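The values are calculated or read from the model by the stated rules, or taken from the named source; none is laboratory data. The shown structure was predicted, so the numbers you read here are calculated from the model rather than taken from an experiment. Note that each Cβ is placed from the backbone with ideal geometry, even for glycine, and that neighbours are counted across all protein chains shown.
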Protein chains: 2
Amino acid sequence: MEEFDRENVPSEEIDEETLFIVTQTFKALGDPTRVRILHLLFKKECSVNEIADTLDLRQSTVSHQLRFLKNLRLVKYRREGTTLFYSHDDEHVMRILEQMINHACHS
Amino acid sequence: MEEFDRENVPSEEIDEETLFIVTQTFKALGDPTRVRILHLLFKKECSVNEIADTLDLRQSTVSHQLRFLKNLRLVKYRREGTTLFYSHDDEHVMRILEQMINHACHS
DNA sequence: ATAATATATGAATAGATTATCATATATGCA
DNA sequence: TGCATATATGATAATCTATTCATATATTAT
């Protein structure tokens, strides 16, 4: 008879909640617009319009996608007057994104 | 005047081809069925029917998803008689998947 | 209070994605 | 050759997604 550490059993099926979070997060990274936004925020904090201008996207497109990313807590913002400055809010996911970018462009 | 190493400039927009590969790969990881399949293949090589039985999926569903994953070179297979044994084929992406699973279930 | 600016929201639509069924193909064996 | 088994494929329908336009909301300054 063997004992298992419940925190450390890689050999079982993923539980439903974890699966949901994992796939939602990867889904967020599976869209070009969102990846471009996140990659921009990796470098610096940006306002909505800055993002739209830099990436040549409509303001509403950016706003919709930022909401999506904020729901997943991948970005956060701070207000300064009427301007909202967005920045990334999940170091680990950002590291994963940069890893994948490096993987992709050195392959 | 400064010189840049073209291979090492994190501060620019991602080129289109890299963006495509990155988002395609994340898209692959953004679906519960594919994540369950990959997570299973992380542990061991499996035949199509084994995957279907283990994960309670239709054979054709598994086959379609395996084709998807194979197009992205995330899985490979070897034949033994009429049986095809699939296994993962991208260590880096598998590491990223396992990282995200750990991130998700310890959060 | 009004205007100007920044951002968010809702509805609509076009396009993509997924699972399923039915069937085709391929291999091994009697 | 013909049958059984394993896997692949094609078409379809249901669902989901991303973008767009139009408009609403919020903040600041006059």
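Things worth noting here:
- Inside region B:29-38, residues that are surrounded by 22 or more Cβ atoms within 10 Å (Cβ to Cβ) and within 8 Å of another protein chain (Cβ to nearest Cβ) make up a count of 1.
- Qualifying position, being within 13 Å of DNA strand C (Cβ to nearest atom), modelled with pLDDT of 95 or more and either at positive phi or buried (at least 18 other Cβ atoms within 10 Å of the Cβ) (or both), among B:VAL75, B:VAL93, B:VAL62: B:VAL62
- Region B:88-105 residues that are more than 9 Å from chain A (Cβ to nearest Cβ), paired with ones that are buried (at least 20 other Cβ atoms within 10 Å of the Cβ) (beta carbon under 8 Å, 6 or more apart): B:HIS88/B:LEU38; B:HIS88/B:LEU41; B:HIS88/B:LEU74; B:HIS88/B:VAL75; B:ASP89/B:LEU74; B:ASP89/B:VAL75; B:MET94/B:LEU38; B:MET94/B:HIS88
- Flag for A:LYS43 being free of Cβ contacts under 8 Å to residues at least 40 places away in the same chain and either more than 8 Å from every other protein chain (Cβ to nearest Cβ) or near DNA strand C (Cβ under 10 Å from one of its atoms) (or both): no
- Evaluation of A:ILE14 against the conditions (1) in a helix (DSSP H, G or I); (2) modelled with pLDDT under 95; (3) in contact with a His (Cβ under 7 Å, 6 or more places away or on another chain) shows that the sole unmet condition is (1).
- Contacts under 6 angstrom Cβ, first residue in region B:46-72 being over 22 Å from B:THR25 (Cβ atoms), partner loosely packed, with under 13 Cβ neighbours inside 10 Å, 6 or more apart: B:SER47/B:THR83; B:ALA52/B:GLN59
- Here region A:42-87 is the region considered, the condition is being assigned to a helix (DSSP H, G or I) and of a type in the set (Asp, Glu), and the residue that is nearest to DNA strand D (Cβ to nearest atom) is A:ASP53.
- In this entry, B:HIS39 is excluded by the filter for residues that are in contact with a helix residue (DSSP H, G or I) (Cβ under 6 Å, 6 or more places away or on another chain) and in a helix (DSSP H, G or I).
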